[in-house]
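Engineer: My questions will all concern the structure given below.
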Amino acid sequence: MNLSRNVQRMQPSVTMAISAKAAAMKRQGIDVISLSAGEPDFDTPQHIKDAAIRAIQEGFTKYTIPGSGIIELKEAICRKIKRDSGLDYGLDQVIVNNGAKHTLFLACAALLDPGDQVIIPTPYWVTFSEQPKLMGADPVIAETRAERNLKLTAEEFRRAITPRTRMLILNSPSNPSGAVYTRAELEALAEVAVQHQVHILSDEIYEQLVYGDAKHCSISTLGEEIRRLTIVVNGVSKTYAMTGWRIGYAAAAKEIIAGMDKVQGQEVSHPSSISQKAAVAALEGPQEVVAQMRVEFDARRRYMVERLNALDGVRCTLPQGAFYAYPDVSSYFGRRAGERAVADSVELCAYLLEEAEVACVPGAGFGTRQHIRLSYATSMQNIQRAMDRIAEALGRLRA
Ligand SMILES: *Cc1c(COP(=O)(O)O)cnc(C)c1O
């Protein structure tokens with residue numbers, strides 16, 4: 001059977017593969033602690049659930065018009081953007097989709113032609129490198145440096161640009177590194193993007209999850225020229241613990257939104273009517289629920305990173321956003337425990353899963369070799385137990 005060339009070029013999601021293996025071990029009765037999750041462990045707040053239940057009971061269960069999102073939700077999105085970024089977007093400049101992952105896909109579909117290049121800085125969320133391939137476009141991986149906290153500099157961006165470059169994918173706060181770009185760093189990138197007329201696909205899904213003095217800045221706020229080139233991607237999954245509801249959205253120039261709408265209309269019509277009502281409640285309702293989750297994530301973050309840095313040979317910068325720690329564990333590569341050798345991050349994660357019964361994700365999947373990703377979107381108790389087990393298992397690896 002010959003699958004299409006574009007599909008053959010795509011990689012399946014590594015994070016989903018790890019989660020599947022951990023789930024299979026759990027089914028066998030093994031007490032696996034999963035630090036591989038990419039979603040909040042909190043429940044969706046009650047007032048949001050109530051809005052969905054009301055939608056069902058009121059019969060709001062049919063196709064919605066317009067397909068690009070119900071007006072009530074689009075208005076809520078425009079108000080949210082105004083509130084947080086100070087920018088005015090009209091109803092024809094926003095679109096609602098089936099999760100932010102789908103929003104990213106539609107932006108690629110609307111803007112990319114075969115042979116176009118998309119610059120993706122390391123480390124990158126696994127999806128970024130694969131979606132452009134489905135359009136026949138080519139991901140161009142731009143290496144970043146530890147000294148710059150794994151953030152792309154303007155100079156590195158400039159060097160990666162060719163006549164075929166169409167887009168840069170930015171993700172701040174970053175999954176997996178937790179790095180947050182400062183306003184000054186974004187200004188430097190924006191200048192290069194405007195000069196070369198490169199679109200910015202700005203994935204801001206972790207916008208509300210920033211800690212300490214870190215501040216989220218959207219590159220779209222840095223002037224009219226960069227705003228016209230930028231597709232801001234956001235959603236309710238991470239901020240409101242609503243991953244299963246599948247609501248994401250974009251704000252961009254109306255021509256780009258119209259292109260995305262055309263694809264969505266022929267592909268899935270629109271996102272769930274019920275979830276759209278829930279998303280209105282999320283965006284317009286009380287925001288204290290977000291603050292509470294942020295406080296809890298922050299405490300776990302500090303604890304996990306302290307434990308990681310206490311391990312011999314592990315280096316972990318304090319992540320400023322999202323809910324992942326991304327330590328450099330490369331000093332363990334080439335070591336062994338008895339018969340078992342650990343050559344790289346993939347083998348280290350396999351070792352930790354089998355020997356420590358802790359699931360982590362190898363950095364190789366995010367385009368960096370030295371790291372592994374540990375999610376702190378799980379209870380403090382789980383994090384404590386997992387860190388004890390990791391410390392014990394790493395301690396058994398000998399040079
Ligand atoms: C979780 C995640 C998303 C996807 O969110 P959905 O709205 O659930 O599709 C997008 N980008 C990044 C970087 C993520 O980690």
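The values are calculated or read from the model by the stated rules, or taken from the named source; none is laboratory data. Since the structure is predicted, the reported quantities are computational estimates derived from the model, not experimental observations. Quick reminder, even Gly has a Cβ in these numbers, built from the backbone with ideal geometry, and neighbours come from all protein chains shown. Ligands, DNA and RNA are stripped out before the accessible areas are found, and what is left, the full protein with its side chains, is counted by its heavy atoms. Shrake-Rupley method; radii C 1.70, N 1.55, O 1.52, S 1.80 Å.
Engineer: Based on this model, can you work out whether residue 289 counts as open to solvent by 10 Å² or more (accessible area, probe 1.4 Å), under 23 Å from the mean Cα position of the chain (by Cα) and at pLDDT below 95?
Structural biologist: yes
Engineer: Let me ask something else about it. Given the conditions (1) open to solvent by less than 60 Å² (accessible area, probe 1.4 Å); (2) under 27 Å from residue 134 (Cβ atoms); (3) out of contact with any strand residue (DSSP E or B) (no Cβ under 7 Å at 6 or more places or on another chain); (4) at pLDDT 95 or above, which single one is not true for residue 63?
Structural biologist: With respect to (1) open to solvent by less than 60 Å² (accessible area, probe 1.4 Å); (2) under 27 Å from residue 134 (Cβ atoms); (3) out of contact with any strand residue (DSSP E or B) (no Cβ under 7 Å at 6 or more places or on another chain); (4) at pLDDT 95 or above, residue 63 is out only on (1).
Engineer: May I pose another question? Restricted to region 225-265, and to residues that are small (Gly, Ala, Ser) and assigned to a helix (DSSP H, G or I), which residue is nearest to residue 79 (Cα to Cα)?
Structural biologist: Per the stated criteria, the residue is 258.
Engineer: Let me ask something additional. Is it true that some residue in region 78-91 is within 16 Å of the ligand (Cβ to nearest atom), part of a helix (DSSP H, G or I) and open to solvent by 20 Å² or more (accessible area, probe 1.4 Å)?
Structural biologist: no
Engineer: What about residue 74, is it open to solvent by less than 20 Å² (accessible area, probe 1.4 Å), without any contact (Cβ under 8 Å) to a residue 24 or more places away in the chain and within 23 Å of the chain's Cα centre (by Cα)?
Structural biologist: For residue 74, the condition - open to solvent by less than 20 Å² (accessible area, probe 1.4 Å), without any contact (Cβ under 8 Å) to a residue 24 or more places away in the chain and within 23 Å of the chain's Cα centre (by Cα) - is met.
Engineer: Only residues that are open to solvent by 30 Å² or more (accessible area, probe 1.4 Å) and either within 21 Å of residue 96 (Cβ to Cβ) or among the aromatic types (Phe, Trp, Tyr) (or both): list them for region 192-215, please.
Structural biologist: Within region 192-215, 208 is the sole residue that qualifies.
Engineer: Let me ask another. Select, from 127, 103, 153, the only residue that is modelled with pLDDT under 95 and either assigned by TED's automatic domain parsing to the domain that holds residue 195 or among the basic types (Lys, Arg) (or both).
Structural biologist: Just a single option satisfies the conditions, and that option is 127.
Engineer: Could I ask something else about it? In region 134-167, how many are within 25 Å of residue 100 (Cβ to Cβ), open to solvent by less than 30 Å² (accessible area, probe 1.4 Å), outside any loop (DSSP other than H, G, I, E, B) and away from the ligand (no atom under 16 Å from the Cβ)?
Structural biologist: 4
Engineer: Return the residues of region 19-42 that are in a loop (DSSP other than H, G, I, E, B), away from the ligand (no atom under 16 Å from the Cβ) and open to solvent by 40 Å² or more (accessible area, probe 1.4 Å); say none if nothing qualifies.
Structural biologist: Those that are in a loop (DSSP other than H, G, I, E, B), away from the ligand (no atom under 16 Å from the Cβ) and open to solvent by 40 Å² or more (accessible area, probe 1.4 Å): 28, 29, 30, 31.
Engineer: Against the definition (surrounded by 20 or more Cβ atoms within 10 Å (Cβ to Cβ) and within 25 Å of the chain's Cα centre (by Cα)), how does residue 397 come out, yes or no?
Structural biologist: Taking the combined requirement at face value, the residue does not satisfy it.
Residues are listed down the side, and each one gets a yes or a no for (1) open to solvent by less than 20 Å² (accessible area, probe 1.4 Å); (2) on the phi < 0 side of the Ramachandran plot; (3) in the same structural domain as residue 76 (by TED's automatic domain parsing); (4) in contact (Cβ under 8 Å) with a residue 12 or more places away in the chain:
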residue: 276; (1), (2), (3), (4): yes, yes, yes, yes
residue: 295; (1), (2), (3), (4): no, yes, no, no
residue: 299; (1), (2), (3), (4): no, yes, no, yes
residue: 304; (1), (2), (3), (4): yes, yes, no, yes
residue: 307; (1), (2), (3), (4): no, yes, no, yes
residue: 311; (1), (2), (3), (4): no, yes, no, yes
residue: 321; (1), (2), (3), (4): yes, yes, no, yes
residue: 332; (1), (2), (3), (4): yes, yes, no, yes
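Engineer: Please go through (1) in contact with a Leu (Cβ under 9 Å, 6 or more places away or on another chain); (2) buried (at least 19 other Cβ atoms within 10 Å of the Cβ) for residue 245 and return the number of the only condition it doesn't satisfy.
Structural biologist: The number of the failed condition is (1).
Engineer: Among all residue pairs at least 6 apart or on different chains, which show Cβ distances below 6 Å where the first residue, located in region 118-131, is closer than 13 Å to residue 105 by Cβ and the second is surrounded by fewer than 24 Cβ atoms within 10 Å (Cβ to Cβ) and at pLDDT below 95?
Structural biologist: Sorted first by the residue in region 118-131, then by its partner, the pairs are 130/10; 130/11.
Engineer: If you don't mind, there's one more thing I want to ask. Among the listed residues 81, 33, 77, which satisfies the condition of being touching a strand residue (DSSP E or B) at 6+ places or on another chain (Cβ under 9 Å), of a type in the set (Val, Ile, Thr) and assigned by TED's automatic domain parsing to the domain that holds residue 386?
Structural biologist: 33
Engineer: Tally the residues that are within 16 Å of the ligand (Cβ to nearest atom) and open to solvent by 30 Å² or more (accessible area, probe 1.4 Å), restricting the search to region 220-237.
Structural biologist: 0
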